[in-house]
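Step one of this worksheet: look at the structure below.
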Amino acid sequence: MPRAGLDEATVIDRAAQIIDDPAADGLNLAVLAESLGVRAPSLYKHVDGMPGLYRGITLRAKTDLARALGQAAIGRSRDDAIRALSLAYRKWAVEHPGQYPLTVRSAPASEDPEDSRVSSVLVEVIYDVLAGYDLQGDDAVDATRFLRSALHGFVDLETRGGFQLPVDKERSFARLVESVVTALASWSDA
């Protein structure tokens, strides 16, 4: 009989907390079970081993990131929306250093409709913001790749300790975002 209150969402939430914790020594079923006060075999009632656990964390992370980006962009357009979305992207990634890589690791598997759906929601948030620049079709795809690459590059270097130069990171990020805004404005004018 499963422990009262333990369900798939609880298991995945706890696993996500563990992978975001820099003091944790990695994620495995034994560590997760101990943190939930159960034995490891009990977890199989809620997730399909480590692959199922990571799939659940990935779906949750993509959903949470899409929500954060969408909330940041609500009521904003064009440059203001890009700035707000960029700040939200960075903030979410820095606060979730273990989950963040799962949001960008690869395209969703074609045989996983739920992953395809949550991945589409994440991209649609960006498309919606880019629509303010009248970017559609292939131009929207190119601009989405450009925006995500710029933000991911900065965040990836930042979260991995890749910025050791003495210049303030906040200043560098602000300049990156302003460069993206300028590029998108001129892109839509072209």
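The values are calculated or read from the model by the stated rules, or taken from the named source; none is laboratory data. Note that the structure is predicted; figures quoted are calculated from it, not measured. Virtual Cβ from ideal backbone geometry, glycine too; neighbours counted across all protein chains shown. Accessible surface is based on the protein model in full, side chains and every heavy atom, while ligands, DNA and RNA are left aside. Shrake-Rupley method; radii C 1.70, N 1.55, O 1.52, S 1.80 Å.
Tell me, how many Å apart are the Cα centres for the stretch 122-149 and for the stretch 1-72?
Their Cα centres are 31 Å away from one another.
Sum -39500 (n - 2.57) across every DSSP H segment of at least 4 residues in the chain, then divide by the residue count to get the 222 nm mean residue ellipticity, nearest 500.
Computed mean residue ellipticity for the chain: -23500 deg cm²/dmol.
Relative contact order for the chain using alpha-carbon pairs under 8 Å, separation at least 6, rounded to a whole percent?
Relative contact order of the chain: 20 percent.
Using a probe radius of 1.4 Å on heavy atoms only, what accessible surface per residue do you get for the chain? Whole Å² is fine.
I get 55 Å² per residue for this part.
Quick one: Karplus J couplings for the stretch 80-97, per residue in order, coefficients 6.51, -1.76, 1.60, θ = phi - 60°, nearest Hz, x for Gly and Pro?
5, 5, 5, 4, 5, 4, 5, 5, 5, 4, 4, 4, 4, 5, 5, 6, 10, x
Compute and list, largest first, the equivalent-ellipsoid semi-axes of the chain from the alpha carbon gyration tensor, each √(5λ) rounded to a whole angstrom.
Numbers: eigenvalues 242, 77, 31 Å².
For the chain, the ellipsoid semi-axes come out as 35, 20, 12 Å.
For the stretch 95-190, what is the charge dipole size about the Cα centre, in debye to the nearest 20, if Lys and Arg each add +1 at the Cβ and Asp and Glu each add -1 at the Cβ?
Details: 8 positive and 17 negative charges, 92 e Å.
Dipole magnitude for the stretch 95-190 comes out near 440 debye.
Across 10 Å bins from 0, what is the distribution of all Cα-Cα pair distances for the stretch 29-69, in whole percents?
29, 42, 23, 5
Using the scaling law 2.2 N^0.38 Å as the reference, what is the normalised Cα Rg of the stretch 133-190?
The value comes to 1.30.
List the lysines whose alpha-carbon lies under 19 Å from that of residue 91, not counting same-chain residues fewer than 8 positions away?
Qualifying lysines at Cα under 19 Å: 62, 169.
Could you sort 169, 45 by their accessible area in this structure, using a 1.4 Å probe and putting the largest first?
Final ranking, largest accessible area leading: 45, 169.
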